[in-house]
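Notes follow the structure.
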Amino acid sequence: MILQILISGILLGGVYILASIGLTLIFGVAKVVNFAHGEILMLGMYLTFWLYSIFNLDPTYSIAIVIPIFFLLGTLMYLFVIRPSLNAPELTQVFATLGLSILLQNLALLLWGADYRTVKTFYSNTAVTISPEISISVSRVVAFVTSLLILLVLIIFLKKTYIGKAIQAVSQDRSAAMLMGISVKRIYMYAVGIGCACAGLAGALLIPQYYAFPTAGVSFILISFVVVVLGGIGSIPGAIVGGIIVGLLESITGVFVPELKEASYFIFFIVILLIRPNGLFGVKGAGEEGAR
Amino acid sequence: MLDIKNIDVFYGDVQVLFDVSLQVRPGEIVALVGANAAGKSTTLKTISGLLKPKAGEILFHEKNIHTLDSDKIVEKGIIQVPEGRRLFPRLSVEANLELGSYPKRARAKAQDNLKNMYEIFPQLYDRRHQLTGSLSGGEQQMCAIARGLMSMPEVLMVDETSLGLSPLLVKHTIRTIKEINELGTTILLIDQNVNYALRIAHRAYVLENGRIVMQGEGNSLLEDPYLRKAYLGI
């Protein structure tokens, strides 16, 4: 029983990591909170749903289409929503992405209605039974493993490529990065593009287990905020640990005190903020523009 | 080669540079000296494109650069080693050096240059996998200079070469800068330590309250009674 709870918690956490990592990346690099992140995830769900219902494409394969489309969507979002508000007061930045979030919700409502839609893959209802007490849903394992693989690719990209290192450099010291010849605005664009691709991917991986509807993103962005602030805003290892913690908390309380399922991680979140205001892996001052 | 002509620079409404002109010729070491808040760092920031002059112009090889973004200026061959080193603290020494070769002009030769840097600064090779936040002040200064050189600059600008270093390390840094210059890189350096700066500079400019008040050869400025009184306390 305990093992079963732990396993489903970790499996859930894997997808939460992917949903949150884009948020932390965008914040870490461009110091902009993307309130439309949940809606990007919702659009990822819809795209995967339509690819499935029109072309009968399995959600796992559809990621090959989701990645480029959502990267492009992210760069457009940077160019038309974020860049014009970069030098504006913070409140304006909040309203820019918050406004986009509301726009996208209503656009989805207009285009696809308020129906709940989901994808039933051939393995949706299959579960692997390991012992009499433990059985694991195949679609959750698929989502978890795919998330981890994508995460691994992302980390290797950040560590090994010039653009990846430049992304880290900009998040650590923006003006020093400028002095090293890094075009900071282009790096912002890449970061927002990658962040949105991660959110779209998370949507694609979540659709076999969750329903797509116009406000589907709202609950995920709340979870993502908890994950990101818990781990330390702007920190990728923080998002990984935060994602697993929130997944575990949700699955533990879901069994023992189901009525407190969502309250539980907010309570934990408040406690962590009281003890460590910068989050578990947070760097002091990470929220300040350009750090120094 | 680098020609700053009558620039006025403001922070918001406050003017910090008044009609500043200076020239750097190929192969020179030029020092820009002056007290704290005289406008030395502002001058370098303006050359690097972080600040834009309200009046005047900056020419590099007879072409305007003061309208370009900072990354384009680096691409032309002018790099700054900023005050306080400004290394990326949560990246390794090697990753910091590799980021120095981010400009396209230097990427192809990044591996060769990395090897050269480790030859010039062997202690950086020993610490190449360490995060730069854990280095000593002297090592950080070496790392910052090496990172600047990785971009294969024509002009290396060093802001506050000696700040926060022990006298021994200052001597070492100054010697390194001289060696780099002898290998063919033109240098524009800033230092509060007027004595050190004037000793290695071919030519120097003295900045006071945002205005160039003196200029001349390094050695002859060291003999100047006004300068000795004002900056060396002799």
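The values are calculated or read from the model by the stated rules, or taken from the named source; none is laboratory data. From a predicted model like this one, the values you see are computed outputs, not experimental measurements. Reconstructed Cβ throughout: ideal geometry from the backbone, glycine too, with neighbour counts over all protein chains shown.
At a glance:
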quantity	calculated
Within the range B:181-216, considering residues that are among the β-branched types (Val, Ile, Thr) and touching a residue at least 60 places away in the same chain (Cβ under 8 Å), the one farthest from residue B:38 (Cα to Cα)	B:186
Some residue of the range B:215-228 being of a type in the set (A, V, I, L, M) and within 22 Å of residue B:48 (Cβ to Cβ)	no
Some residue of the range A:189-209 being touching a helix residue (DSSP H, G or I) at 6+ places or on another chain (Cβ under 7 Å) and within 14 Å of chain B (Cβ to nearest Cβ)	yes
Subset of the range B:74-85 (residues that are facing chain A (nearest Cβ under 8 Å) and buried (at least 23 other Cβ atoms within 10 Å of the Cβ))	B:74, B:79, B:80, B:82
Output for the range A:160-188, where each listed residue is without any contact (Cβ under 8 Å) to a residue 12 or more places away in the chain, over 17 Å from residue A:27 (Cβ atoms) and within 8 Å of chain B (Cβ to nearest Cβ)	A:162, A:165, A:176, A:178, A:179, A:180, A:181, A:183
Filtered residues of the range B:114-138 (kept if buried (at least 18 other Cβ atoms within 10 Å of the Cβ) and within 14 Å of another protein chain (Cβ to nearest Cβ))	B:114, B:132
Test for residue A:238: is it closer than 30 Å to residue A:106 by Cα and touching a helix residue (DSSP H, G or I) at 6+ places or on another chain (Cβ under 7 Å)	no
Segments classed as helices (runs of 4 or more DSSP H), wholly inside the range A:196-292, with at least 2 members that are modelled with pLDDT under 85, surrounded by 15 or more Cβ atoms within 10 Å (Cβ to Cβ) and under 19 Å from the mean Cα position of the chain (by Cα)	A:261-275
Subset of the range B:14-69 (residues that are of a type in the set (S, T, N, Q) and assigned to a helix (DSSP H, G or I))	B:41, B:42, B:43, B:46, B:48
Any hit, the range B:97-109, residues being buried (at least 17 other Cβ atoms within 10 Å of the Cβ), of a type outside the set (D, E, K, R) and more than 9 Å from chain A (Cβ to nearest Cβ)	yes
Residue check, residue A:101 at pLDDT 90 or above, farther than 30 Å from residue A:255 by Cβ, surrounded by fewer than 17 Cβ atoms within 10 Å (Cβ to Cβ) and among the hydroxyl-bearing types (Ser, Thr, Tyr)	no
Total residues in the range B:194-210, condition surrounded by fewer than 18 Cβ atoms within 10 Å (Cβ to Cβ) and modelled with pLDDT of 90 or more	3
Failed item in (1) modelled with pLDDT of 90 or more; (2) among the hydrophobic types (A, V, I, L, M, F, W, C); (3) under 16 Å from residue B:24 (Cα atoms), with residue B:213 passing the rest	(3)
Cross-chain or 6+ apart pairs with Cβ under 9 Å, the range A:56-82 first and within 18 Å of residue A:26 (Cβ to Cβ), then assigned to a helix (DSSP H, G or I) and charged (D, E, K, R)	A:78/A:185
Any hit, the range A:26-41, residues being surrounded by fewer than 24 Cβ atoms within 10 Å (Cβ to Cβ) and within 17 Å of residue A:206 (Cβ to Cβ)	no
Verdict on residue B:155 being under 13 Å from the mean Cα position of the chain (by Cα), closer than 19 Å to residue A:174 by Cβ and modelled with pLDDT of 90 or more	no
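The rows are residues; the columns are (1) modelled with pLDDT under 95; (2) assigned to a helix (DSSP H, G or I); (3) of a type in the set (Phe, Trp, Tyr).
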site	(1), (2), (3)
A:6	yes, yes, no
A:10	yes, yes, no
A:15	yes, yes, no
A:18	yes, yes, no
A:33	yes, no, no
A:40	no, yes, no
A:49	yes, yes, yes
